[in-house]
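Here the structure comes first, spelled out in structure tokens, and everything after it is commentary.
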Ligand SMILES: NC(=O)c1ccc[n+]([C@@H]2O[C@H](COP(=O)([O-])OP(=O)(O)OC[C@H]3O[C@@H](n4cnc5c(N)ncnc54)[C@H](O)[C@@H]3O)[C@@H](O)[C@H]2O)c1
């Protein structure tokens, strides 16, 4: 790092142009971080920037596709050289890909793995040297699809299992050197991604996904963002390699609303 060390903690959020990434950037800015907003969607970045700067926060927009490893390396080097510190990384960028082995095209399979898994790898690879410099923390967003299967989501589930495996290894590889790595696994969160999935699904599917959540509703993006910000903070200083479900209890066990166990 070559610039003058920035006076406030610095965070990088990928997927900061929408949904969970945007909520995470807003949450981190509210906690006093200068936040780099990385996304392939420049308009989405600009909207997030407007919200944060209107509240008095500091941001640095970084238009970038997380699958473009050369560009990820270049923009992150330029960014960290400028600020001379990196305290927290939230890897939220991701895409939904629906289909099973028969219906998925190979290109869709590869795209899911490329964005959701390799995108997190690229982000980790090109931020870890800077996190190691100052003892920072890394959080990736996987999904409940990172810890169990889901009918009709083969590529998405495989990509999210890869993220969980990657983060566990990062926890082992870099924990001894002072960098904590954790992964957050939400079930459905009310974001544009969930809207697109439900628009392509039947109303029975929507009702089913809601009925298997013991809390009886989907998450708000802010509820996931608060967990991410907590895991990145010193409050979570003894967490490392944690697979943190933010799912209203839907992976706690078999559950369907409106039913009681037979012995009650
Ligand atoms: N919404 C849900 O129900 C839900 C549930 C579990 C996990 N997740 C995961 O949470 C993360 C965020 O999802 P969301 O619901 O906020 O989705 P979203 O579609 O609202 O936002 C995703 C953001 O990632 C960006 N992005 C996508 N591909 C990119 C790429 N190649 N390079 C850079 N940016 C890219 C998009 O432009 C967008 O701004 C994803 O990893 C998703 O898989 C979402």
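The values are calculated or read from the model by the stated rules, or taken from the named source; none is laboratory data. Remember, predicted model here, so these are calculated numbers, not experimental data. Reconstructed Cβ throughout: ideal geometry from the backbone, glycine too, with neighbour counts over all protein chains shown.
Evaluating residue 45 against the criteria (1) free of Cβ contacts under 8 Å to residues at least 40 places away in the same chain; (2) in a helix (DSSP H, G or I); (3) more than 16 Å from the chain's Cα centre (by Cα) leaves one unmet condition, (3). Residue 57 meets each of the listed conditions (1) in contact with a helix residue (DSSP H, G or I) (Cβ under 6 Å, 6 or more places away or on another chain); (2) within 15 Å of the ligand (Cβ to nearest atom) apart from (2).
When residue 157 is tested against (1) crowded, with 18+ Cβ neighbours inside 10 Å; (2) touching a helix residue (DSSP H, G or I) at 6+ places or on another chain (Cβ under 7 Å); (3) under 26 Å from residue 233 (Cβ atoms), only condition (3) is not met.
Just the residues that are in contact with a helix residue (DSSP H, G or I) (Cβ under 8 Å, 6 or more places away or on another chain) and assigned to a helix (DSSP H, G or I), please, taken from the stretch 93-110. Step through it out loud before you land on a result.
Filtering the stretch 93-110 down to residues in contact with a helix residue (DSSP H, G or I) (Cβ under 8 Å, 6 or more places away or on another chain) leaves 93-101, 104, 108-109.
Once the filter is applied, which keeps residues that are in contact with a helix residue (DSSP H, G or I) (Cβ under 8 Å, 6 or more places away or on another chain) and assigned to a helix (DSSP H, G or I), the stretch 93-110 yields 108, 109.
The single condition among (1) more than 8 Å from the ligand (Cβ to nearest atom); (2) more than 22 Å from residue 84 (Cα to Cα) that residue 12 does not satisfy is (2). Contact map, the stretch 184-208: residues that are in contact (Cβ under 8 Å) with a residue 60 or more places away in the chain and farther than 21 Å from residue 163 by Cα paired with residues that are assigned to a helix (DSSP H, G or I) and near the ligand (Cβ under 8 Å from one of its atoms), Cβ distance under 7 Å, separation 6+ or inter-chain. Pairs shown: 192/19. Would you be able to tell me the number of residues in the stretch 15-42 that are in a strand (DSSP E or B) and under 21 Å from residue 71 (Cα atoms)? Qualifying residue count, the stretch 15-42: 5. Of the helices (runs of 4 or more DSSP H) lying entirely inside the stretch 117-209, those carrying at least 2 residues that are within 8 Å of the ligand (Cβ to nearest atom) and under 22 Å from residue 18 (Cα atoms) are 154-174, 192-199.
Yes or no, residue by residue, for (1) more than 15 Å from the chain's Cα centre (by Cα); (2) surrounded by fewer than 16 Cβ atoms within 10 Å (Cβ to Cβ):
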site	(1), (2)
131	yes, no
137	no, no
148	yes, yes
151	yes, yes
166	no, no
179	yes, no
183	no, no
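Screening the stretch 210-234 for residues that are away from the ligand (no atom under 13 Å from the Cβ), part of a helix (DSSP H, G or I) and in contact with a helix residue (DSSP H, G or I) (Cβ under 9 Å, 6 or more places away or on another chain) and picking the one that is nearest to residue 131 (Cα to Cα) gives 232.
Taken over the stretch 1-40, the residue count meeting the criterion of being surrounded by fewer than 17 Cβ atoms within 10 Å (Cβ to Cβ) and under 16 Å from residue 120 (Cα atoms) is 0. Looking across the stretch 221-244, the residues that are free of Cβ contacts under 8 Å to residues at least 40 places away in the same chain and surrounded by 14 or more Cβ atoms within 10 Å (Cβ to Cβ) come down to 223, 230. For the stretch 60-87, filtered to residues that are more than 13 Å from the ligand (Cβ to nearest atom), outside any helix (DSSP H, G or I) and more than 22 Å from residue 181 (Cβ to Cβ), the residue that is modelled with the highest pLDDT is 60. Scanning the stretch 88-116 for residues that are more than 9 Å from the ligand (Cβ to nearest atom), farther than 20 Å from residue 196 by Cβ and within 16 Å of the chain's Cα centre (by Cα) yields 88, 89, 90.
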